[in-house]
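Undergrad: Okay, here's the structure, questions in a sec.
The values are calculated or read from the model by the stated rules, or taken from the named source; none is laboratory data. Since the structure is predicted, the reported quantities are computational estimates derived from the model, not experimental observations. Heads up, the Cβs are rebuilt from the backbone with ideal geometry, glycines too, and the neighbour counts pull from every protein chain shown. Ligands, DNA and RNA are excluded from the accessible area calculation, which covers all protein heavy atoms including side chains. Shrake-Rupley method; radii C 1.70, N 1.55, O 1.52, S 1.80 Å.
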Amino acid sequence: FKTCPGRVLCKLPCSGEKEVDLAVQSAKAAFKIWSQMSGMERCRVMLEAARIIREQREEIATMEVINNGKSIFEARVDIDISWQCLEYYAGLAGSLAGEHIQLPGGSFGYTRREPLGVCVGIGAWNYPFQIACWKSGPALACGNAMVFKPSPFTPISAVRLAEIFTEAGVPKGLFNVVQGGAATGQFLCHHPDVAKISFTGSVPTGMKIMEMAAKGIKPVTLELGGKSPLIIFSDADLENAVKGALMANFLTQGEVCCNGTRVFVERKILDTFTKEVVKRTQKIKIGDPLLEDTRMGALINRPHLSRVQGFIKQAKEQGAEVLCGGDLYVPDDPKLKNGYYMRPCVLGNCKDDMTCVKEEIFGPVMAILPFDTEEEVVERANATKFGLAGGVFTRDIQKAHRVVAALKAGMCFINNYNVSPVELPFGGYKCSGFGRENGRAAIEYYSQLKTVCVEMGDVESVF
């Protein structure tokens, strides 16, 4: 693999209605085998898949850099999270069970936790391999099959995951990959043999998927956008808070749905904090994402780069001040001159009603907003249609817990940010979606309960 910005990597045909049906029918046949295996049998296969990923970590991470443009440093972390996800759900597969309930007269009831069937996963382009694992891990652990559609901008690494599952010993067709855009997604959502849809992406697309799923009464998990608040109190450890703000804004070129892009800073430390953030942001190494010291690679494509630049232009027109960055970046290496690079941007003099503060930019753009009181900042933090994440930096642990309890967000961080271990559920409130990925909570969204009532005596009839 080589980094060749702006060049065609490969050509993949879009899956039409016929191909989607073949993938679903293949998964349906594999489901009959997989769902009848014991949890421990499924566990062993999933552990083998995790082992292969761990063993091929460098190769897959390199593939993901080419696929997405993020730095190799970050891509390795993504791959580690991926195999950890499969290991975690492999461990849960053998423990999935219902419960026994004693009833009067020796009668009893019990529940069975059963798989749904063929589940559809629709992934985003910012974490292609990791999202495929986040969706397939709990789905397969519960005994389901999955048809996965990656973003057409990052089609490659999900295919490698399918190959790894096959190598690990899953029944043929249990994890199928189809390629394409909106039309392929529609075929999947409308297919009568699809039991559930899990989508990661934008709010408008999530709304359309929810509408399509409603026609078939299919359950959905939606992990959508965000405009998350990061609250820095004056008693915070400044060094830690600055690092947290950088983590909350510039991972994967800022293309992260839960990023804390509204950075609320208590006024008494506003100047000190801002100066340090700008200084650290200007030192971020941009360039070839395959180089070890690169910390920011290229944005996903030219239209998206133009969109992010448009937000910055509009922010300046509305009165925001560009404190650093925001311009295009051209690396010294002539091979990279056509890459979709920009310098990470910090905006000052921001107001709550500015477009750059209200709408998700999905790029390396941080907006800094001053605040004076805890009550005020909580109200402003919650004044958004989104509710994916939120963060608080303070040495006062009582205040930290009090503020996160008041935040209307599904994933909150205290004195850290963008830490998403697979053991913890991930998902949002409000327009950021519903349902949860990761943790034991995901099991609820990839299985269904059957209740069985057993009478040990004669039926008591009213007739």
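Undergrad: Which one, 61, 371, 265, projects farthest toward the positive side of the charge dipole computed for the chain from Cβ point charges (K/R +1, D/E -1)?
TA: Looking along the dipole axis, the top candidate is 61.
Undergrad: Taking every alpha carbon pair in the stretch 229-414, what does the distance histogram look like in 10 angstrom bins from 0, in percent?
TA: The distribution over the stretch 229-414 is 10, 39, 35, 14, 3, 0, given as percents.
Undergrad: Rounded to the nearest percent, how much of the accessible area of the chain (1.4 Å probe, protein heavy atoms only) is carbon and sulfur?
TA: Carbon with sulfur: 55 percent of the solvent-accessible area.
Undergrad: Note down the nm distance, to one decimal, between modelled labels 7 Å out along Cα→Cβ at residue 95 and at residue 41.
TA: Inter-label distance under the simple model: 2.3 nm.
Undergrad: Calculate the length of the line joining the C-alpha centroid of the stretch 15-39 to that of the stretch 391-445, in whole Å.
TA: Result: 34 Å between the Cα centres.
Undergrad: Given the pairs 28/135; 149/316; 275/385; 172/215; 268/399, which are separated by over 27 angstrom at their Cα positions?
TA: The pairs that break the limit, which is 27 Å between Cα atoms, are 149/316; 275/385; 172/215.
Undergrad: May I pose another question? Which value, in debye to the nearest 20, gives the size of the charge dipole of the stretch 229-414 about its Cα centre, when Lys and Arg are +1 and Asp and Glu are -1 at the Cβ? Walk me through the numbers on the way to the answer.
TA: Working: 25 positive and 25 negative charges, 74 e Å.
In debye, rounded to 20, the stretch 229-414 gives about 360.
Undergrad: With runs of 4+ DSSP H residues as the only contributors, calculate the mean residue ellipticity of the chain at 222 nm using -39,500 (n - 2.57) per run, divided by the residue total and rounded to the nearest 500.
TA: Helix contribution divided over all residues of the chain: -12500 deg cm²/dmol.
Undergrad: How large is the accessible surface per residue of the stretch 1-132, computed with a 1.4 Å probe and reported in Å² as a whole number?
TA: Numbers: 6210 Å² over 132 residues.
Each residue of the stretch 1-132 exposes 47 Å² on average to a 1.4 Å probe.
Undergrad: Treating the beta-carbon of each Lys and Arg as +1 and of each Asp and Glu as -1, no other charges, what is the dipole magnitude of the chain about its Cα centre, to the nearest 20 debye?
TA: 920
Undergrad: Here is a follow-up. Under a 1.4 Å probe, what is the accessible area of the stretch 229-414 per residue, stated in Å²?
TA: 42
Undergrad: At 0.36 nm per residue, minus the direct Cα-Cα distance, what do residue 351 and residue 337 gain on full extension? Give it in nm, one decimal, please.
TA: Gain on extension, residue 351 to residue 337, equals 1.5 nm.
Undergrad: Using a Cα-Cα cut-off of under 13 Å, which aspartates and glutamates could be cross-linked to residue 408, ignoring same-chain neighbours fewer than 8 residues away?
TA: Residue 408 reaches 379.
Undergrad: Also, quick follow-up: Each label point is 7 Å from the Cα along the Cα-to-Cβ direction; what then is the distance between the points at residue 32 and residue 237, in nm?
TA: 5.8
Undergrad: Compute the FRET efficiency between residue 419 and residue 103 as 1/(1 + (r/R0)^6), taking r as their Cβ-Cβ distance and R0 = 45 Å, and round to the nearest 0.05.
TA: Computed FRET efficiency for residue 419 and residue 103 comes out at 0.50.
Undergrad: At 7 Å along Cα-to-Cβ for each site, give me the label-to-label distance between residue 321 and residue 302 in nm.
TA: 3.5
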